[in-house]
1. So what is the orientation-averaged projected area of region B:59-113, using the convex hull of its C-alpha atoms, in nm²?
2. List, by residue number, every residue in region B:68-87 with a reduction of 50 Å² or greater in accessible area between the chain on its own and the complete protein assembly, 1.4 Å probe.
3. Give me the percent of accessible area attributable to carbon and sulfur for region B:59-113, probe 1.4 angstrom.
4. Keeping all protein chains in the complex and leaving out DNA, RNA and ligands, what accessible area do you get for residue A:18 with a 1.4 Å probe, in Å² to the nearest 10?
5. For residue A:244, give me every one of the aspartates and glutamates with a C-alpha distance below 12 angstrom, ignoring sequence neighbours fewer than eight places off in its own chain.
6. Whole Å is fine, so just give me how far the alpha carbon centre of region A:277-349 lies from that of region A:40-109.
7. Report the label-to-label distance for residue B:88 and residue A:46 in nanometres (one decimal), using points 7 Å from each Cα along the Cα→Cβ vector.
8. Given region A:64-137, what whole percent of its Cα pairs are spread farther than 18 Å?
Amino acid sequence: MLWVEIGISFVKIALVLFVVLTLVAYLTLAERRISAFIQDRLGPNRVGPFGILQPLADGVKFIFKEDIIPDRANKPFYVMAPALSLVTAIVALAVIPIGKGFNTTLFGLLEDPFYVKLQIADVNAGLLFVLAITSLSVYGVVLGGWSSNSKYSLLGGLRAAAQMISYELSLGLSILGVILLAGSLRLNDIVEAQQKIWFAIPQALGFLVFMVSSFAETNRLPFDLPEAEPEIVAGYHTEYSSMKFAMFFMAEYTHMIVASALMVCLFLGGWYPLPFGGWFGIDIERYWYLPPIVFIGKVFFLLFLFIWVRWTIPRFRYDQVMKLGWKVLFPLGVLNIIVTSAVMVFVYK
Amino acid sequence: MVSYINLLLFFCIVLLFAVGTLILAKLIRYQDPNFDPIKIQPYECGEDPVGDAWIRFSISFYLIALIFVLFDVEVAFLFPWILSLSKLGLLAFIEMLIFLSILFLGWLYAFKKGDLRWERQ
């Protein structure tokens, strides 16, 4: 039985890795096509029909491209930074549940049916794990910025550090309300607790704070000050080229996927299709493939939102970013948690 | 326990993937045998770089980092509290209100001192 379990774990890990990397590749294409659509251009449409082979061409180019390490760079950290950033971005996906699970006998190979969970690791402190891993991602960016030994990189790295730690506070605060309503840190339990109503409705303020903070944590516009191209060239990855640059890029898009998946898990009802009423009596143990479809559909919508926002809203100034984080979102997060806990204590006992 | 083993397995495989990609790229990419050393200068808009890049930077970054450490510890305290609030009830709520008001006082102090203000003279 142990061997079956390990084998299934390997299959799940391979599947998740494959899906995430493909998704990241096609997100870059989606970003370029959608931005082209928004700006009334065509976008890349030459490689394959509608440009669908463009990510492959990009990948091949990244691998074969000459790699340049600046002469003054701190080499070990310079090489380590992109790998660190990518690893911390992908590992956070391990605890995200995309559905409940199903029984299988592996086409009759096993005597007893084996229950496969649609999640790599069902950790009971899942939410804490995600928070811990996503806060580690600041190291990749800062190390990359510092070790390049270029002024633009250093500025980008410093900005990234200050911005990411500032918004981490409001991110943590906005999650507390959800934990109180669900009574657990396991992401499965949190999704289950939303069967009657999505937490985005009773926790509307928390959802808003979480969403804005996660846009800032992923360094996406309107908060992409760490790589603001009109000011500091490309920020922390100015000096990076070839595969190392690609890894920073992949890390950024993986962060978007993690942020979207977390938003779906915590506030948008996970695998429940509508804000009310759960599955309306559909037996999801039998039709086990329905929850993942719903979950991934919601993630896709949020990813589209990320891209849509990027090409619609202009960039903030850095002092405005810090002001928003410390003087608006942080107090709002505290207010949200006080109100939520007061309602819990006085109304629901 | 099994879930933590899965977690470790996932971490190892992702790490292997990241390192493997870097090594693969190193093995098969084109490397110009006689490249111009000017190519590996740090980028500075086409000029020769002036001075060291590890310059002194604004004190604001240190202040933000310090304030962050303080408040993040307090947020970390809130996690176990919120998990057991439904069992502990009113007393825990009042205690946390006191705790949060001290947190608020600290925030107000930083606000008044101007440590949260980015633009400086």
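The values are calculated or read from the model by the stated rules, or taken from the named source; none is laboratory data. Source: prediction; values computed, not measured. Cβ: placed from backbone, ideal geometry, glycine included. Neighbour counts: every protein chain shown. SASA here: full protein model, heavy atoms, side chains in, ligands and nucleic acids out. Shrake-Rupley method; radii C 1.70, N 1.55, O 1.52, S 1.80 Å.
1. On the way: hull surface 15.7 nm².
Result: 3.9 nm².
2. SASA drop of 50 Å² or more in region B:68-87: B:68, B:75, B:79, B:82, B:83.
3. On the way: 2700 of 3390 Å².
Carbon and sulfur atoms account for 80 percent of the accessible area of region B:59-113.
4. 130 Å²
5. Hits, sequence-local ones excluded: A:66, A:67.
6. Result: 25 Å between the Cα centres.
7. For residue B:88 paired with residue A:46, the spin-label model returns 6.4 nm.
8. Numbers: 1678 of 2701 pairs.
Roughly 62 percent, rounded to a whole number.
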